[in-house]
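J.: Got a structure for you, questions after.
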Amino acid sequence: MTIMSIDVSPIIKIERTQHSRINEVDFNNLPFGQEMTDHMFVCDFKEDKWQQPQIVPYQNISLDPSSKIFHYGQSIFEGMKAYKDDNGKILLFRPLDNQKRINISAKRLAIPELPEEYFMEGLKTLIKLDSDWIPTTEGSSLYIRPFIFATGNGLHASPSDEYKFIIACSPSGAYFGGKVKVLIEQKFSRSANGGVGYAKAGGNYAGQFYPTNLAIEKGYQQVIWTDDTTHQYIEEAGAMNIFIRIGDTLITAPTSDRILDGITRKSIIELAKDEGIKVDIRNISINEVVEASEIGTLKEMFGAGTAAIISPISGFGFQGKDYDLPEFENTYASLLRKRITDIQYNRTEDKFGWRVEIK
Ligand SMILES: Cc1ncc(COP(=O)(O)O)c(C=O)c1O
């Protein structure tokens with residue numbers, strides 16, 4: 001790829017692409033995470049420190065086959081979005097929480113932590129450079145994927161001495177997944193006490209694919225994960241946190257070793273409380289949910305995460321029986337989705353201070 005210009009910001013070296021691909025992309029038909037923007041942020045860790053950060057044209061990377069990422073899975077990531085409001089302002093949603101969480105994941109996977117300014121400055125500079133890629137159709141956004149993986153060579157099962165931190169971005173259309181039918185999983189576990197479930201480690205997701213495929217074969221779209229010890233308590237919905245409404249109370253499991261501390265989850269908890277909704281953060285058993293369904297007090301279940309924001313559940317399967325959730329208007333799911341997206345797209349005041357404008 002030819003270089004048009006090179007300039008140096010206080011910490012980031014920028015190499016711009018000469019051939020933008022933006023006109024090759026159909027912004028009216030954007031599948032999630034398929035198209036990548038023109039540039040990526042890259043920073044290497046070697047000789048015991050994070051090196052000069054750079055922004056370069058989006059490109060392939062070349063690794064030695066003995067790189068530790070291929071063998072021992074030292075790989076972590078984040079998922080976040082940039083939004084454009086009606087006046088073209090660029091906004092991030094709680095980015096410092098992603099910055100903190102990537103370091104929580106890094107620590108657990110024995111990956112060196114990233115200085116805050118590398119994450120935040122990298123993010124802001126990259127998004128400004130590729131800001132024309134932020135889609136503006138209703139509900140669309142720029143999905144941002146920061147990730148770190150082990151690039152050190154050698155087959156010894158030990159932490160790598162070299163890593164690469166990359167931020168890549170993908171314009172994404174509105175996510176209308178529709179309601180999902182879920183299977184409550186009682187054999188496989190997503191995570192375990194003392195494990196890495198609370199980290200966004202690549203391997204956590206690899207381990208979910210097989211049980212999810214089995215659920216899909218049975219006619220469900222997603223798996224509800226239960227605790228690894230008793231399989232009696234509901235923990236997460238696929239790669240999302242879960243909320244269950246019984247009567248007028250919204251219930252979600254407490255975070256733990258096994259559950260990712262989702263930014264959407266904690267925003268929903270605050271917004272629900274702000275709406276006067278009673279929120280219980282406690283363990284919730286399958287028996288309680290089944291009983292509530294049988295007596296008609298189970299009103300809603302939904303997943304919560306950055307990609308879909310809120311993903312309503314239409315029903316669940318448990319021990320060979322299917323349970324349907326009621327259909328009605330004015331759900332907590334639709335109310336809370338509106339509250340959170342109105343803040344993200346700058347359509348309302350942000351009394352929590354969650355928005356960060358990129359200027
Ligand atoms: C396992 C898991 N739980 C929950 C979430 C939701 O987290 P967030 O709201 O920060 O996207 C995600 C997605 O990032 C996830 O991978």
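J.: If you go through region 329-339 one residue at a time, do you hit one that is closer than 30 Å to G88 by Cβ, in contact with a Pro (Cβ under 9 Å, 6 or more places away or on another chain) and away from the ligand (no atom under 16 Å from the Cβ)?
T.: So far as region 329-339 goes, yes, one or more of its residues are closer than 30 Å to G88 by Cβ, in contact with a Pro (Cβ under 9 Å, 6 or more places away or on another chain) and away from the ligand (no atom under 16 Å from the Cβ).
J.: Answer yes or no as to whether T226 is of a type in the set (S, T, Y), over 17 Å from the mean Cα position of the chain (by Cα) and away from the ligand (no atom under 16 Å from the Cβ).
T.: No.
J.: Could you tell me how many of the residues in region 248-266 are within 17 Å of I286 (Cα to Cα), small (G, A, S) and part of a strand (DSSP E or B)?
T.: Of the residues in that region, 0 qualify.
J.: Continuing with the same structure: Taking region 267-286, which residues are among the acidic types (D, E) and not in a helix (DSSP H, G or I)?
T.: E275, D280
J.: May I ask you to list the residues in region 287-321 that are more than 16 Å from the ligand (Cβ to nearest atom), buried (at least 16 other Cβ atoms within 10 Å of the Cβ) and among the hydrophobic types (A, V, I, L, M, F, W, C)?
T.: Hits for region 287-321 are V289, V290, A292, L298, F316, F318.
J.: Anything in region 313-350 that is without any contact (Cβ under 8 Å) to a residue 12 or more places away in the chain, over 23 Å from the mean Cα position of the chain (by Cα) and more than 18 Å from K179 (Cα to Cα)? List them, or say none.
T.: Within region 313-350, G320, K321, T348, E349 meet the criteria.
J.: Identify the residue in region 229-247 that is in a loop (DSSP other than H, G, I, E, B) and away from the ligand (no atom under 13 Å from the Cβ) and, among all such residues, is surrounded by the most Cβ atoms within 10 Å (Cβ to Cβ).
T.: Top of the filtered list is H231.
J.: When you scan region 258-272, do you find a residue that is open to solvent by 60 Å² or more (accessible area, probe 1.4 Å) and either touching a residue at least 24 places away in the same chain (Cβ under 8 Å) or within 13 Å of the ligand (Cβ to nearest atom) (or both), even just one?
T.: Scanning region 258-272 turns up at least one residue that is open to solvent by 60 Å² or more (accessible area, probe 1.4 Å) and either touching a residue at least 24 places away in the same chain (Cβ under 8 Å) or within 13 Å of the ligand (Cβ to nearest atom) (or both).
J.: List the residue pairs whose Cβ atoms are under 7 Å apart, where the first residue sits in region 96-117 and is away from the ligand (no atom under 16 Å from the Cβ), the second is part of a helix (DSSP H, G or I) and open to solvent by 40 Å² or more (accessible area, probe 1.4 Å), and the two are 6 or more positions apart or on different chains.
T.: Taking only residues 6 or more apart or on different chains, the pairs are E113/K107.
J.: Something else now. For T255, which of the numbered conditions (1) within 16 Å of the ligand (Cβ to nearest atom); (2) touching a Ser or Thr at 6+ places or on another chain (Cβ under 8 Å) fails to hold?
T.: Just one mismatch for T255, condition (2).
J.: Being open to solvent by 20 Å² or more (accessible area, probe 1.4 Å) and under 19 Å from the mean Cα position of the chain (by Cα) is the filter here, so list the residues in region 196-211 that pass it.
T.: Within region 196-211, V196, Y198, K200, G202, G203, Y205, A206, G207, F209 meet the criteria.
The values are calculated or read from the model by the stated rules, or taken from the named source; none is laboratory data. All of these numbers come straight from a predicted model, not from anything done at the bench. In this analysis, Cβ positions are derived from the backbone assuming ideal geometry, glycine residues included, and neighbour counts consider all displayed protein chains. The area values use the complete protein model at the heavy-atom level, side chains included, leaving out ligands, DNA and RNA. Shrake-Rupley method; radii C 1.70, N 1.55, O 1.52, S 1.80 Å.
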